[in-house]
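Contents: one structure, followed by commentary.
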Amino acid sequence: MPPEGGIAYADIWNVKIFFLWHAAADPNNHPLFDAMLRARNLEIRVLTLPGVEDRQVRWRLAQPVERRNPATGSRYRIVPGRAVSAASLGHHWYTDLPKHLREFRPDLIHLATGEAAMAVAVEMAAARRVFAPRARLLIHIVQNLLVDYRWPWPLLERWVLRQVDGAVAYSPGAEWLLRRRGFGKRIWVQPFGVDARLFRPRRLPPRRFGLATGVPVIGWVGRIFLGKGLHLLLEASARMKRNHQILVVGDGPRRDAEHARAARLGIAARVRWAGPVSLARIPDCYAAMDVYTHPGVSRPADMPAWKEQFARTLPEAMLTGLPVVGTRSGEIPWVVGDGGIIVPERDPAALARALDRLMGSAALRRQLGGFGRARALEHFTFDAAAAGLVRIWREALANR
C-alpha cells in the first residue's frame, strides 16, 4: 500500500504529455496534476473547456493555471481551449487544437473523453495524424454499458478505436466494454480517484445536521435520481429493525418525490435532508455518519442508458473510514472490495438486513471501515492515479 503522504516515482526521461480532459476545468481536480510533478522532467499541457455546467456546479477558468516543481524539473499548464458547443460533453470540439499540437509537439496524447463516440475524440484522432503524427495516442474510457448509437456514431467510434495506440479503462467494466467492441490493443485499468487530503477519518456530532446524538447515522450522498438508489434506502429504512437515522446530502430531479416517499413510509422524522453541499463541506457530512450506503440501480427508468461507472462518493467515504453497503450495479463491487457489504440491486429487504447487521456491531463497522480506507489509499487517490498514469505513459512510450 502506498504511504499516505504520497508516492515516490521512478525517474522518467524528458517527456511531453498533451492531456485533454474537460473536467480539468474544475480546480478540485488540479491535485491530480500536482501529484504528477513528483515525476522527473515531465511537461504536461492540459486542454480543457472554458466552463462546464454539470448539474449543480459551474466551473470557470478565466486564466491558464501553471505550476512547476523545481526539484524535479516537471511542470504542467492547464489551458481553457476555444470550444465549440462547450455545453455538450458529447459534441464539443476545439478550434485551437491544431495550434496546441503544433506548438507543444507532444510525445504522447492522453485523450480523457470517457467514450470514443464523441466529437472531440474524432477531432483528436484526425488532428494527431496531421499535426502530431509521431505522438502516441491513448484514449481513456469511462463508459461501461453497451449503447446503440445513432448513425454515424458507430462508424466514428470504430474509426477512433483504430487510430489510438492503446486505451486506459477507468474500471474493469470499461475494459470489458472495449473488448466487446472488438478492441484488440493494450488496455490499462486506471481511475482518476479523489483527493485523500480532504477525506480522513474523524467524527463530528450528528446534531450539526439536526440529527440525534447516540443513534447511528446511515449516510447517502449524490444526485437524486433513480440510478443512485435513494428510494431503495428509504424503502429499506422502513423495513429495518434497529434504531437508526439517515442523512441525505445532495439534490436532483427526484427530490420532491423522495420527500413524499419518506412521508408515505412513515420515516420522515428519521431523515435529514442536507441539500446540495460544496466539496469543501462534504468531509463534514461523512464525519457525522456511521455507515455509508450507495444502493445503485442499473438502467433506471429515468436514465435507461446508465449504470454506475465509479461513484466518487464511494472512495471518499472509504477514505474517511466508513463501512459501505452497496449493490451489484456497475463498478460498485469493484470499488468497495472488502470495505463493505454488497447486496443485490433493487432489493430493499436485503439492503435492510445488511444495514441492520452493521447497526448492531460497532466492531464490524470499524473492521470494514479500516479495510475500505486501506483499499482506497492504495487504488483510488489522486496520488495513486498520478503514479499509475506515469507508469502507463512510460510503458506506452517504451513500445514506440
Quick check: anything in segment 321-334 surrounded by 20 or more Cβ atoms within 10 Å (Cβ to Cβ), within 21 Å of residue 209 (Cβ to Cβ) and among the hydroxyl-bearing types (Ser, Thr, Tyr)? no
In segment 101-115, what residues are closer than 13 Å to residue 127 by Cα and part of a loop (DSSP other than H, G, I, E, B)? 105, 106
Can you list residue pairs whose Cβ atoms sit under 8 Å apart, with the first residue in segment 58-74 being modelled with pLDDT under 90 and the second being part of a loop (DSSP other than H, G, I, E, B)? Count only pairs 6 or more apart in sequence or on different chains. 59/26; 60/50; 61/50
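Residue-wise test of (1) modelled with pLDDT of 95 or more; (2) surrounded by fewer than 19 Cβ atoms within 10 Å (Cβ to Cβ); (3) farther than 30 Å from residue 172 by Cβ.
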site: 92; (1), (2), (3): no, no, no
site: 101; (1), (2), (3): yes, no, yes
site: 104; (1), (2), (3): yes, no, yes
site: 108; (1), (2), (3): yes, no, no
site: 129; (1), (2), (3): yes, yes, yes
site: 143; (1), (2), (3): no, no, no
Enumerate the pairs (first residue in segment 192-212 and under 20 Å from residue 270 (Cα atoms); second residue anywhere and open to solvent by 20 Å² or more (accessible area, probe 1.4 Å) and among the β-branched types (Val, Ile, Thr)) with beta-carbon separation below 8 Å, excluding pairs fewer than 6 apart on the same chain, so at least 6 apart or on different chains. 205/213; 206/213; 206/215; 207/213
Just for segment 281-306: of the residues that are in contact (Cβ under 8 Å) with a residue 24 or more places away in the chain and assigned to a helix (DSSP H, G or I), which one is most open to solvent (accessible area, probe 1.4 Å)? 284
Considering only residues that are at pLDDT 90 or above and among the aromatic types (Phe, Trp, Tyr), which ones fall in segment 1-42? 18, 19, 21, 33
Looking at 269, 236, which is the one that is part of a helix (DSSP H, G or I) and in contact (Cβ under 8 Å) with a residue 40 or more places away in the chain? 236
Cβ pairs under 9 Å, 6+ apart, first in segment 84-105 and closer than 24 Å to residue 153 by Cβ, second among the acidic types (Asp, Glu) and at pLDDT 80 or above: 90/115; 93/123; 94/123; 97/123
Within segment 149-164, of all residues that are modelled with pLDDT under 95 and outside any helix (DSSP H, G or I), the one nearest to the chain's Cα centre (by Cα) is 149
Failed condition for residue 262, given (1) more than 22 Å from the chain's Cα centre (by Cα); (2) under 30 Å from residue 116 (Cβ atoms): (2)
Across segment 165-193, which residue is modelled with the lowest pLDDT among those that are of a type in the set (Phe, Trp, Tyr) and within 20 Å of residue 316 (Cα to Cα)? 192
Would you check if there is a residue in segment 181-191 being closer than 14 Å to residue 115 by Cβ and surrounded by fewer than 20 Cβ atoms within 10 Å (Cβ to Cβ)? yes
For segment 335-351, which residues satisfy the criterion of being in a helix (DSSP H, G or I) and surrounded by fewer than 22 Cβ atoms within 10 Å (Cβ to Cβ)? 348, 349, 350
Hits in segment 207-222 (condition: assigned to a loop (DSSP other than H, G, I, E, B) and touching an Asp or Glu at 6+ places or on another chain (Cβ under 7 Å)): 216
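Let's see how each residue does on (1) part of a helix (DSSP H, G or I); (2) within 12 Å of residue 229 (Cβ to Cβ); (3) free of Cβ contacts under 8 Å to residues at least 60 places away in the same chain:
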| position | (1), (2), (3) |
| --- | --- |
| 308 | no, yes, no |
| 326 | no, yes, yes |
| 333 | yes, no, yes |
| 357 | yes, no, yes |
Open to solvent by 50 Å² or more (accessible area, probe 1.4 Å), hydroxyl-bearing (Ser, Thr, Tyr) and more than 22 Å from the chain's Cα centre (by Cα) - does that describe any residue in segment 231-247? no
Out of all the residues in segment 252-276, which are open to solvent by 30 Å² or more (accessible area, probe 1.4 Å) and either within 29 Å of residue 28 (Cβ to Cβ) or touching a Phe, Trp or Tyr at 6+ places or on another chain (Cβ under 8 Å) (or both)? 253, 254, 255, 256, 259, 272, 273, 274, 276
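The values are calculated or read from the model by the stated rules, or taken from the named source; none is laboratory data. All figures in this text were calculated on a predicted structure; none of them were measured in a lab. Note that each Cβ is placed from the backbone with ideal geometry, even for glycine, and that neighbours are counted across all protein chains shown. Just so you know, the surface numbers come from the protein's heavy atoms only, side chains and all, with ligands and any DNA or RNA stripped out. Shrake-Rupley method; radii C 1.70, N 1.55, O 1.52, S 1.80 Å.
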